[in-house]
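Peer 1: Got a structure here, written out as structure tokens. Questions coming.
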Amino acid sequence: MGHRVAIAGASGYAGGEVLRLLAGHPELEIAAATAHSHAGAPVTQVHPHLRNLDGLEFTPTTPDVLGDADLVILTLPHGQSAEIAAQLPSSVKVVDLGADHRLTDPQAWEDYYSGPHAGAWTYGLPELPGQREAVAASNRVAATGCYAVATTLALAPILAGGLGSPDDVVVVAASGTTGAGRQAKPHLLASEVSGSLSPYKVGAHQHVPEIKQASGARSLSFTPVLAPMPRGILATVTIRPTRLGIGVEEVRDVLSTAYADEPFVTVLPEGSWPQTGATLGSNTCLLQTTIDRDAERIIVTAAIDNLGKGAAGQVVQCANLMLGLPETSGLSANGVAP
């Protein structure tokens, strides 16, 4: 028998993707899949694609059900994880995909979220310097936001390497509709989304303080865009260089060095640009860079699957580290196509 994992909020898109990954994981077994309104329903009624979970039913989300596992994955709406996590035994390892424990600054939480600040846990992005070891040593890990993954992986090495100014970062990122969750909302209807791009939360998205905290940026202009696709994120990050004459080769060297040994981050060959379709179903982040010919700004583009590396994939990656398993276990760097 492998390590027993319970998933809270397993009826949502991210929770369903966690179930899919765990169903094929060689070292982890599903101890419980909890939900609120779907408690008592078969998992395959909500996730008909998970055929080898036939017979598994959703159970109520209670500390007793979750606390019986070796590791708990919380895929609950923002503001709902902290109360459940506080009731779990300290011996149970927890990965929270919600925002409740990401921010170290209580004021930042108050500015972008609601309710009391629950305190910060270890930040769950292993590719950042020192975070892999920190995640492996932790019993409580806060997984990252989907936009934050793509933006931080593109931005952090540029700022850390002194090539870009932390005071002048601009990001435009398009995301698939699954990033908004599974609840029925008029603006997410197929008739509304199909054939249309729409910005939202312009200048006030909740991932801004997280990206600044993780990447080292001090000033960040962020425009998220809802794209007519189910899943995927394409983020274009532009940074003012710290000096004139920085060439694309220097930027590529910084990115390539930062991710040389990373199994899930790839700096693409020159001339090849990231596409969301190439990341679907994977835990991969694809990167490319250039220098804007007119503005002389550094440009880094990142593509991820928002339900993969942006959510369920990184959660399983962190769980592997916390349980002493190979980091890549149960995860793929390969996407599905078409």
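The values are calculated or read from the model by the stated rules, or taken from the named source; none is laboratory data. What you see is a predicted model, and the numbers here were worked out from it, not measured in a lab. Counting neighbours? That spans all protein chains shown, and the Cβs are built from the backbone with ideal geometry, glycine included. SASA here: full protein model, heavy atoms, side chains in, ligands and nucleic acids out. Shrake-Rupley method; radii C 1.70, N 1.55, O 1.52, S 1.80 Å.
Peer 1: Which percentage, to the nearest 5, of the DSSP beta bridges contained in the range 227-306 is antiparallel?
Peer 2: Expressed as a percentage, antiparallel bridges in the range 227-306 total about 80.
Peer 1: Let me ask you something else. For the ranges 290-303, 21-34, what's the packing order if you count other beta-carbon atoms within 10 Å of each residue, average per peptide, and put the highest first? Present the calculation step by step, with values, prior to reporting the outcome.
Peer 2: Numbers: 290-303: 17.6, 21-34: 19.6.
Top to bottom by mean Cβ count within 10 Å: 21-34, 290-303.
Peer 1: Next question, about the same structure. Write down the accessible area per residue of the range 51-203 in Å², having rolled a 1.4 Å probe over the full set of protein chains.
Peer 2: 45 Å²
Peer 1: Classify the range 103-253: rounded, prolate or oblate, from the alpha-carbon gyration tensor (a ≥ b ≥ c, eigenvalue square roots; a/c under 1.5 rounded; otherwise prolate if a/b is larger than b/c)? Show your work: numbers first, answer last.
Peer 2: Details: a/c = 1.80, a/b = 1.20, b/c = 1.50.
It comes out oblate by the Cα gyration axes.
Peer 1: Counting only protein heavy atoms and a 1.4 Å probe, tell me what percentage of the range 1-130's accessible area is made up of carbon and sulfur.
Peer 2: Ligands and nucleic acids excluded, carbon and sulfur give 49 percent.
Peer 1: Now, a different point. What order, most packed first, do the peptides 323-335, 307-319 have when packing is the mean number of other Cβ atoms within 10 Å of each residue?
Peer 2: Numbers: 323-335: 16.2, 307-319: 28.9.
Top of the packing list down: 307-319, 323-335.
Peer 1: Next question, about the same structure. Please give the per residue accessible area of the range 271-316, computed with a probe of 1.4 Å over protein heavy atoms only, in Å².
Peer 2: 30 Å²
Peer 1: Of the options Ala227, Val92, Pro116, report the single residue whose Cα projects farthest towards the positive end of the charge dipole of the chain (beta-carbon charges: Lys, Arg +1; Asp, Glu -1).
Peer 2: Of the options given, the answer is Ala227.
Peer 1: Taking amide H atoms as placed 1.01 Å from N in the peptide plane, list the residues 5 or more away in sequence, or in a different chain, whose amide H sits under 5 Å from that of Arg297.
Peer 2: Amide H neighbours of Arg297, under 5 Å, 5+ apart: Asp292.
Peer 1: Select one label from (i) 64, 54, 30; (ii) 87, 60, 41; (iii) 61, 46, 38: the one whose number is Cα extents along the principal axes in Å as derived from the coordinates shown.
Peer 2: The listed entry that was calculated here is (iii).
Peer 1: Using only DSSP helix segments of four residues or longer, with each worth -39500 (n - 2.57), what per-residue ellipticity at 222 nm results for the chain after dividing by its residue count and rounding to 500?
Peer 2: -6500 deg cm²/dmol
Peer 1: If you add up the charges near Gly162, with Lys and Arg at +1 and Asp and Glu at -1, over every other residue whose beta carbon is less than 15 angstrom from its beta carbon, what do you get?
Peer 2: With Lys, Arg at +1 and Asp, Glu at -1, the neighbours total -1.
Peer 1: What does the charge add up to near Ala120, with Lys and Arg as +1, Asp and Glu as -1, over the other residues with Cβ less than 9 Å from its Cβ?
Peer 2: 0
Peer 1: Something else about it: Return P(r) of the range 1-157 (all Cα-Cα pairs; 10 Å bins starting at 0; whole %; ordered from short to long distances).
Peer 2: Calculated P(r), rounded to whole percents: 11, 38, 36, 14, 1.
Peer 1: Using a simple charge model, +1 on the beta-carbon of Lys and Arg, -1 on the beta-carbon of Asp and Glu, nothing else, what dipole does the chain show about its Cα centre, in debye to the nearest 20?
Peer 2: Values: 19 positive and 31 negative charges, 91 e Å.
Dipole of the chain, to the nearest 20 debye: 440 debye.
Peer 1: While we're looking at this one, here's another question. Is the range 175-330 rounded, prolate or oblate when judged by the Cα gyration tensor, a ≥ b ≥ c being the square roots of its eigenvalues, rounded requiring a/c under 1.5 and prolate requiring a/b larger than b/c?
Peer 2: Numbers: a/c = 1.72, a/b = 1.16, b/c = 1.49.
Verdict is oblate for the range 175-330.
Peer 1: Take every DSSP beta bridge with both residues inside the chain and express the antiparallel ones as a percent of the total, to the nearest 5.
Peer 2: Counting only bridges with both partners in the chain, antiparallel ones make up about 45 percent.
Peer 1: Additional query: Give me Rg over Rh for the range 146-227, both radii from the alpha carbons and Rh done the Kirkwood way, two decimal places.
Peer 2: Result for the range 146-227 is an Rg/Rh of 1.05.
Peer 1: Between the range 12-39 and the range 51-118, what's the alpha-carbon centroid distance in Å?
Peer 2: Answer, in whole Å: 14.
Peer 1: Roughly how many whole Å is it from the C-alpha centroid of the range 324-338 to that of the range 193-240?
Peer 2: Between the Cα centre of the range 324-338 and that of the range 193-240, the gap is 25 Å.
Peer 1: So what J values fall out for the range 92-101 if you push phi through Karplus, 6.51 cos²θ - 1.76 cosθ + 1.60 with θ = phi - 60°, rounded to Hz, Gly and Pro as x?
Peer 2: 8, 6, 9, 10, 9, 7, x, 8, 4, 10
Peer 1: Follow-up. Report the residue, chosen from Arg243, Arg140, Arg20, that carries the largest GNM mean-square fluctuation when the chain is represented by alpha-carbon nodes joined by springs under 10 Å.
Peer 2: Looking only at Arg243, Arg140, Arg20, the largest GNM fluctuation is found for Arg243.
Peer 1: If you don't mind, another one. Can you tally the net charge around Val315? Count Lys and Arg as +1, Asp and Glu as -1, for every other residue whose Cβ sits under 11 Å from the Cβ of Val315.
Peer 2: -1
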